[in-house]
Amino acid sequence: MVVAATGMALSLGLSSGMASAQPDVSAVVNTTCSYDQVIAALNDHSPDSAAEFTGSPVAVGWLQQFLGAPVPQRQQMIQQVQSIPAAAPYTGLVVQVASTCNNY
């Protein structure tokens, strides 16, 4: 379950955050990156995390569903991920991936 939760968080760039602050998710919700671009960026930034992520069929499926969803559904999916405490340590990495995936 932690791998799946982490995978979902990695795919979104979200976490429960510190205190009550929530990250700005507009770039994630509106991303134009493809699955391959997200994975390439993740591999570039953290090969170990990429291997863990791609080893989880639940996380991979979730990312593919997210990227294929319309914006309102993406917003709902993000709200669900924001409640997963296991995602918090990955916030920095996911922000990097979200910020660079269009370069791949």
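Read-outs: derived from the displayed coordinates by stated rules, not from any lab. Bear in mind that the values here come from a model prediction, so they are computed numbers and not experimental data. Using ideal geometry, Cβ is built from the backbone for each residue, glycine included, and neighbour counts are taken over all protein chains shown.
What the table shows:
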{"item": "Total residues in the range 35-74, condition surrounded by 15 or more Cβ atoms within 10 Å (Cβ to Cβ) and either touching a Gly at 6+ places or on another chain (Cβ under 8 Å) or in contact (Cβ under 8 Å) with a residue 24 or more places away in the chain (or both)", "result": "20"}
{"item": "Among (1) part of a helix (DSSP H, G or I); (2) farther than 13 Å from Val25 by Cα; (3) polar (S, T, N, Q); (4) out of contact with any helix residue (DSSP H, G or I) (no Cβ under 6 Å at 6 or more places or on another chain) - the single one Gln64 does not satisfy", "result": "(4)"}
